[in-house]
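Step one of this worksheet: look at the structure below.
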Amino acid sequence: MDMPVGTEERAAASAPSRRASPVASSSLSIAIAGSGGSGVMTAGMLLLEAAAKAGLYGLMVRTSGPQIRGGEAAALVRLAHRPVAALGDAFDLLVAVDWQNVHRFADEIPLCENSVIVGDAGEGDTPDVFRASGARVVPLPLKKIAKSIPGSWINMVALGLAGALSGLSAAVLEAALRQSWKRDDAGLAANLEALRAGIAAASQVDAFPTLGAAKPARGTRWLLSGNEAAGYGALCGGVRFVAAYPITPATELLEWMAPALAKVGGTLVQAEDELASVNMIIGASYGGVPSLTATAGPGLALMTEGIGLAVASETPIVVVDVMRGGPSTGIPAKSEQSDLSFAVSGLHGDAPHLVVAPTSIGDCLATTQWAVHLAEALQAPALVLSDQFMGQSRAIVDEPAQSTWVARRLTATANVPDYKRYRDTESGISPMAIPGTPGVVYTADGLEHTEGGIPSSQARDHARQLDKRLRKLVLHDYGEMWADREGSGERAIITFGSAASPVREALRRLRERGTHVRLIALRLLAPLSQERFDEALAGVSQVLVAEQNHGAQLYRYLRAMIDLPGKPRSFHRPGPLPLRPGELADAILAWSTR
Amino acid sequence: MNDVAPCAPRTAQTYKSAYKPIWCPGCGDYSVLSSVTKALAMLDLPPEDVVVVSGIGCSSRIPAYTNCYGFHGVHGRSLAAATGLKVARPDLTVLVAGGDGDGYSIGGNHFLHACRRNVDLTYIVMDNHVYGMTKGQPSPTTEPDWDSKLSPGGTKLRVFHPLVVALASGANFIARAFSGDPNGTADILAQAIRHPGFSFVEILSPCVTFRPEQREWKTQVRPAPVEPTTDASRAARRLMTDDGFNIGVLYAGDRPVCPLAPAEPRSRVEDLEAEFAL
Amino acid sequence: MNAAMQAAGTTIEYEPPRNLAEFMSLALAMESEAAQRYAELADAMEMANNVEVAELFRRMANIETGHARAVMAQMHWREYVPRGSPFSEGPETPGEDAVHYLMQPYHALELALACEERAERFYADLAAAVEDAEVREAARGLEAEEREHVALVRAWLARAEKPAENWADDPDPPRYVD
């Protein structure tokens, strides 16, 4: 196959560099790792919560082995003075409460010579794969410390240590622990003591670059995961019915929505499979209730026939695809942007539909809300391409601006004369009669139909309805939401989804070094518009497309759909490792100086 | 289809649309359509408050032939679409209609779970033991030795017993009707619609094109020699020994109906922000 | 006459072996089954990163394998031909559900002790029930061996650290996998 991809980028794509760039001084990356039962995820969460209390920003990414219980796990935390939405290039601190199989995370926890590894000498030697980085190893008897405090957990010692090294005060760390504690008082007392012991132990790690005190945050900040943000965005948009079939990594979105929907007067049905869930939301939406389901690649594959039905019957639905490594069962708990091709072109027939993608964890809210608005306004299915990284990571973000995107469907009034559900209007949008409305009854159909909704195989009806369904999407004014655009310069990098965050960070670094590259992070992936690209790329001579998948899917899609200036190039590599700002900065620099 | 005055007295005709069915002359589905409209007239339901949901197949064409709201979806998924609709809009009367291939083969899993869920739906299966729309392939209810191009010499498979499966899966009302008895069928359908929870009505509806021998069904059917029972174990014995030609309500249970329905909002959406705000 | 096996508070009656070959065949089945179960539990513990307990179960698996080999050697059997066991699980086999991913060596030894004690009692009861002198003698022999193991495991247990009260606490929830 002729790969339209530059050789340099390909080399980078096949072997992500383990060489770590110097860590940005304004952020601190901390990994807390160990075997199941040690509570490293809880420690990571509390570290993030304490940092939030201290006025910092940050995010936490989870990684774990395939075991449901007992397996190795690591909380990857990055803290900073300003909002961060991507993991850094290397970790400043690795705290391992044991070493059992922590070496399996070596690729996910890159270290450098400035890094510090705190491990328990009693738990065996630091694995070579970590030592090879040249990181300083500081053995501390974490287990012994925890054991000396009956009823305490070792993860609290690790939290105290990591928190103190981050420059967090004992007060915020204790407050975070107290706030999250749901067990007995004696346990809390023991764990507070363990926390303090961990803080005290931090003094044995000298010359560690702690983050300075944060400036008091100006506005309210939120702490949430992309899955929660998407769920909340859906409710803000007006979704009141959800059908759910569990699948990693989308389950938490659905689980968050179950009680939330009940509070705001909506309902959630657990479906028997994804075939059912997509058809359930089509049924509910046909009844006039904005509806959503969430899934991952395998579920989306099962839903495609239903999504086609939503296209043909012009029923608004929202399907959130929290992408994971594919194909097939793939890598369920790891991120990859590899459902793009399928999402934009996986339906049979000519089936215009909406595909949008959040550009950060926090943006999952606005983008999902926008998707609800678009689906309802355009009476079409909208796919939201989130991914495991955004969905399952938690971040401290500035309170999102209130957006006005709500479900507003054009509906038919009672007894209007000569009502035709699929009338070929100028905008392509025709009033939808909602069951219960007298005098405008109709049958929605997945069969090609006349304007009145009667099945038809006539060439004229087919052409007319195909045009109508395309036109309504193409004519819509998507405004500024179609992409996040930043910076200036004769070169532009186009990306989407979770790749946008590390790209943004890479460009900021390059800007500080005097290299200016434009960023276009696409939020609207379908339909695309040449005019919007022409405007955004005015003055641009070269384009690089960056994404996290093996097949350069966005690159190929853009090449097929849009006339891009110059000789477009691709930077792409598959999951499960996240794209890192340093790796992108190197690739962009190499490309931009060519 | 839009000319029905809201206050006119409702007759079966009220519920019939202006569109002419594409079914073969002699097809049992004509009678079923007639029975459905009669049942709706008996219940005097405003047509705009009734939705007929279907999948794919000859019988699934029925929604457009009624003057109710209709949803003609994809093959096998009518129960799912109807479940979403009824849960989101409990004020509507939702009928689901389709054939044996649509309901028992491609839609088999949804059939089980719709019975289990016991949402207040009425599921009408026009069973002719054949895929008619694709021109004569065996369905789950086709006799094992029925010869066809796709399965020469027959499938050699045991026939599916929808009523037993419905009972075991939790359907709350189970009846068998015969299209050749439109008034009896209308009466059964009216009972089914009235009965709370998931009502399942299997209607023997001959396919005169691919199964002309089914014209003889009229000589084979008989009223079930028993009264409807609320006792599931009695119903099970009755259904397991049934030869497929007993007509009538065979089980009318009192299982709790699926409680899923939109509740009064207890909080505003913005109030949910509290869990994120620091 | 039937023999009886005490297990989990119930008594299982079974037809006792009629001769030495039958008895040794039963013993072999029991020892092999226990060995296999200990090996499975060791694997599960390794998967859950519980190395200490995994090692302990592995050691138990080796001990039981040794027994099985000894039985075969004594009977000059070259290969293990499984004989149907009259029990759903033998008296020496630890239950599949008797473990926890955070269990400590102390718990594992308690489990092993219970199994060894059951085995000792099983051979004792069998010796009392059988009429064949050869079988009786062989059963007494195995009973004595099990008694040694009981003492051995007891000694280990005495040295093992008692678990803290919160040994089963896991601050983190189970994980989403597929």
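The values are calculated or read from the model by the stated rules, or taken from the named source; none is laboratory data. Bear in mind that the values here come from a model prediction, so they are computed numbers and not experimental data. Here Cβ is always computed from backbone atoms with ideal geometry, including for glycine, and neighbour counts include all displayed protein chains. The accessibility values were calculated without ligands, DNA or RNA, using every heavy atom of the protein model including side chains. Shrake-Rupley method; radii C 1.70, N 1.55, O 1.52, S 1.80 Å.
Tabulated results
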read-out: Set of aspartates and glutamates near A:K53 by C-alpha distance (under 16 Å), chain-local residues within fewer than 8 positions excluded; value: A:E174, A:D398, A:E399, B:E275
read-out: Segment A:410-476 shape via C-alpha gyration tensor axes, a/c threshold 1.5; value: oblate
read-out: Of A:S541, A:L510, A:T495, farthest towards positive along the dipole that unit charges on Lys, Arg, Asp, Glu beta carbons give segment A:479-541; value: A:L510
read-out: Whole-Hz ³J(HN,Hα) from phi, Karplus 6.51 cos²θ - 1.76 cosθ + 1.60, for segment B:36-48, glycine and proline x; value: 4, 5, 5, 4, 5, 5, 4, 8, 6, 8, x, x, 6
read-out: Point-charge dipole on Cβ atoms (K/R +1, D/E -1) for the protein assembly as shown, about Cα centre, debye to 20; value: 3040
read-out: Cα-Cα separations in chain C greater than 24 Å, expressed as whole percent; value: 40
read-out: Positive-pole candidate from A:S203, A:A189, A:T220, dipole of segment A:180-220, charges at beta carbon; value: A:T220
read-out: Mean accessible surface per residue for segment A:223-398, computed with a 1.4 Å probe while every protein chain stays in place, in Å²; value: 18
read-out: Net +/- balance of residues flanking B:D100 in space, Cβ distance below 10 Å, scoring K and R +1, D and E -1; value: -3
read-out: Mean separation of Cα contacts under 8 Å, 6 or more apart, over the residue count of chain A: relative contact order %; value: 13
read-out: Heavy-atom SASA rank of B:T219, A:T450, A:T411 (probe 1.4 Å, accessible area, largest first); value: B:T219, A:T411, A:T450
read-out: Per-residue ³J(HN,Hα) for segment A:453-462, Karplus 6.51 cos²θ - 1.76 cosθ + 1.60, θ = phi - 60°, Hz, x for Gly and Pro; value: x, 8, x, 8, 10, 5, 4, 5, 5, 4
read-out: Stokes-Einstein diffusion coefficient of segment A:482-592, Kirkwood radius over Cα pairs, 37 °C, 0.692 mPa s, in µm²/s; value: 239
read-out: Shielding by partners - mean other protein chain Cβ count within 10 Å, residues of C:46-58; value: 4
read-out: Anchor A:K263: lysines whose Cα lies under 20 Å away (excluding residues fewer than 8 positions away in-chain); value: B:K86
read-out: Given charges at beta-carbon only (K, R positive; D, E negative), |dipole| of chain A in Debye; value: 960
read-out: Table column - 3J(HN,Hα) (Hz), segment C:94-108, Karplus curve with 6.51, -1.76, 1.60, x for Gly and Pro; value: x, x, 4, 9, 8, 10, 9, 5, 9, 4, 10, x, 4, 5, 5
read-out: Listed residue pairs exceeding 30 Å between alpha carbons, taken from A:K420/B:K20; A:K144/A:K182; A:K420/B:K135; A:K182/C:K162; value: A:K420/B:K135
read-out: B:V53 long-range amide H proximity, modeled H, under 5 Å; value: B:F71, B:L95, B:V96, B:A97
read-out: Nonlocal amide H pairs with A:F91, under 5 Å, H built at 1.01 Å; value: A:L111, A:C112
read-out: Translational diffusion coefficient (Stokes-Einstein; Kirkwood radius from C-alpha pairs) of the protein assembly as shown at 25 °C, 0.890 mPa s, in µm²/s; value: 75
read-out: Packing-based ranking, highest mean first, of A:36-43, C:94-101 given that Cβ atoms within 10 Å are counted; value: A:36-43, C:94-101
read-out: Electrostatic dipole magnitude of segment C:77-142 [Cβ: Lys, Arg +1; Asp, Glu -1; Cα centre; debye, to 20]; value: 100
read-out: For residues of B:256-263, the mean tally of beta carbons on other chains within 10 Å; value: 3
read-out: Normalised contact order of chain B, rounded percent, pairs of Cα under 8 Å and 6 or more residues apart; value: 17
read-out: Global geometry of segment A:223-398, whether rounded, prolate or oblate, following the gyration tensor of its Cα atoms and the 1.5 cut on a/c; value: rounded
read-out: Trypsin sites (Lys or Arg not before Pro), loop per DSSP, at most 16 other Cβ atoms within 10 Å - longest free stretch of chain C; value: C:84-178
read-out: Number of partner chain Cβ atoms within 10 Å, mean per residue of A:303-311; value: 2
read-out: Antiparallel bridges, percent of DSSP beta bridges restricted to segment A:482-592 (to nearest 5); value: 25
read-out: Of all DSSP beta bridges in chain A, antiparallel share, percent nearest 5; value: 40
read-out: Percent accessible area from carbon and sulfur atoms, segment A:410-476, protein chains only, probe 1.4 Å; value: 56
read-out: The protein assembly as shown - share of DSSP beta bridges that are antiparallel (%, nearest 5); value: 35
read-out: Normalised convex hull volume, chain B, alpha-carbon set, Å³ per residue; value: 159
read-out: Sparse-neighbourhood loop sites, GluC sites (Glu not before Pro) in segment B:172-276 - DSSP loop, at most 13 other Cβ within 10 angstrom; value: none
read-out: Mean Cβ count within 10 Å, highest first, over the residues of peptides A:109-120, A:471-482; value: A:109-120, A:471-482
read-out: Relative contact order %, segment B:76-134, counting alpha carbon pairs below 8 Å whose residues are six or more apart; value: 44
read-out: Selection from A:T411, A:G436, A:S457 lying farthest towards where the dipole of segment A:410-476 points positive, charges on Cβ; value: A:T411
read-out: Reciprocal mean inverse distance between Cα atoms of chain A - Kirkwood radius, Å; value: 25.2
read-out: Where labels lie 7 Å past Cα in the beta-carbon direction, separation of A:A538 and A:Q458 in nm; value: 4.5
read-out: Sequence-distant residues sharing a close amide H with A:G39 (under 5 Å, placed H); value: C:D172
read-out: Global geometry of segment B:34-81, whether rounded, prolate or oblate, following the gyration tensor of its Cα atoms and the 1.5 cut on a/c; value: prolate
